[in-house]
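What follows is a single structure, written as structure tokens, with notes after it.
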Amino acid sequence: MRMIVIALTVTLLSSSLFAADAAGEARASETAFAKAFADRNADAFFSFLTDDAVFLGGKSTLSGKARVREVWSQFFADKAAPFSWSPERVVTNAEGTLALSLGPVLDDKGTHISNYSSVWQKQADGSWKIVFDGPGAPVCAPASSPEKK
């Protein structure tokens with residue numbers, strides 16, 4: 001019985017460490033993805049998408065890497081990026097094959113204008129690519145404090 005408990009403990013600890021490493025890998029991929037956008041490197045940016053990636057906009061859905069590239073290429077027209085983002089929270093499934101990345105989107109002046117969410121999938125070669133990308137929770141105005149009487 002003791003050996004079973006030890007084996008289960010080792011398995012749980014190693015899977016937790018694996019998921020933590022996977023989350024770090026996914027975070028690094030999200031950061032590199034955002035940097036490619038900031039650096040105005042469209043080829044690098046689009047290389048982070050799976051061929052069947054889906055980008056969700058306000059009321060639109062872009063299906064497939066080719067369609068995303070067609071529409072998102074407009075965001076590379078100017079020398080400066082019109083917005084930026086960075087991962088605030090990255091979590092993975094227990095297998096370390098899927099990741100969810102969440103964080104703020106800032107305009108070119110640094111104002112928090114939106115949030116993003118990206119679903120990443122670990123590829124056979126060990127790289128991470130986006131499967132779904134879209135808006136996260138809306139930015140809400142801070143709640144006002146209740147008046148004290």
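General observations
- Residue list for segment 114-129, filter: outside any loop (DSSP other than H, G, I, E, B) and either at pLDDT below 95 or farther than 10 Å from PHE83 by Cβ (or both): SER114, ASN115, SER117, SER118, VAL119, TRP120, GLN121, LYS122, TRP128, LYS129
- ASP43 modelled with pLDDT of 95 or more and either over 21 Å from LYS129 (Cβ atoms) or out of contact with any strand residue (DSSP E or B) (no Cβ under 8 Å at 6 or more places or on another chain) (or both): yes
- Flag if LYS65 is among the basic types (Lys, Arg) and within 17 Å of the chain's Cα centre (by Cα): yes
- Here ALA99 meets each of (1) touching a Lys or Arg at 6+ places or on another chain (Cβ under 9 Å); (2) touching a residue at least 24 places away in the same chain (Cβ under 8 Å); (3) open to solvent by 50 Å² or more (accessible area, probe 1.4 Å) with one exception, condition (3).
The values are calculated or read from the model by the stated rules, or taken from the named source; none is laboratory data. From a predicted model like this one, the values you see are computed outputs, not experimental measurements. Cβ sites come from the backbone with ideal geometry, for glycine too, and all protein chains shown count toward neighbours. Side chains are part of the model used for accessible areas, which takes the heavy atoms of the whole protein and leaves out ligands, DNA and RNA. Shrake-Rupley method; radii C 1.70, N 1.55, O 1.52, S 1.80 Å.
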